[in-house]
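Just so it is clear, none of the values below were taken in a lab; they were calculated from the coordinates. Everything numeric in this text was worked out from a predicted model, so none of it was measured. Methodologically, a virtual Cβ is constructed for each residue, glycine included, from the backbone with ideal geometry; neighbour enumeration extends over all protein chains shown.
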Amino acid sequence: MLGLLARKVGMTQVFDNAGNLMPVTVMRVDPNVVIATKTKEADGYSAVVVGMDEAKKNRVTKARAGQFPTDITPKKQLRELRDFEKEVKVGDSLGIEVFEGVSMSMFQAFPRAKVFRALLSATASAADAKPTDQSSTANPVQRGRAHTPRKLLRIKSYPDAWGAKRPQP
């Protein structure tokens, strides 16, 4: 299976041959650098690890920097593409030319977490509309009493991370 990392630019519309209007997602494919290759002999499966978007040097931990060879700058996005059909080496730059000769493509999205939106919707309630105590509404994540009984009140739902879950094909 072939694959690349891309960034969504926006949406537009196009007409097909029958005259039907179809929504289309516009994607920007930046160069994907091969970080590592996994083989069946060494790892039990075959895969290619690709990265996109260079990360700032001061934001990369030593553990994360250890994943990259010395001649490759650390990347923000890393994905492992299993059963990659083309022969590639570490350090190769992949682009849209990977899909030459492919007649049909299936795309899969990885949504980002919508933590702040979940935080607002989970803390918005009728009780928050008319607060009696300003300290309880100052921090929307605050969900317990001040001192006693020193436990969380499970009366309403609390913020949770939405998204950031890989959809199953």
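Of these, Thr12, Thr37, which one is in a strand (DSSP E or B), touching a residue at least 40 places away in the same chain (Cβ under 8 Å) and either within 18 Å of Val98 (Cβ to Cβ) or hydroxyl-bearing (Ser, Thr, Tyr) (or both)? Please lay out each step first, then the result.
On the way: Thr12 fails: touching a residue at least 40 places away in the same chain (Cβ under 8 Å).
None of the other options fit; the residue is Thr37.
For Lys76, are the conditions met, namely being free of Cβ contacts under 8 Å to residues at least 60 places away in the same chain and part of a strand (DSSP E or B)? So Lys76 passes the test. Against the test of being closer than 20 Å to Gly95 by Cβ and outside any strand (DSSP E or B), the options Asp71, Asp53 yield a single qualifying residue, Asp71. Out of all the residues in segment 87-102, is one or more in a helix (DSSP H, G or I), within 13 Å of Leu4 (Cβ to Cβ) and free of Cβ contacts under 8 Å to residues at least 24 places away in the same chain? Yes, segment 87-102 has at least one match. Filter segment 57-76 down to the residues that are surrounded by fewer than 11 Cβ atoms within 10 Å (Cβ to Cβ) and among the small types (Gly, Ala, Ser), then identify the one that is farthest from Ala36 (Cα to Cα). Among those residues, the one meeting the criterion is Ala63.
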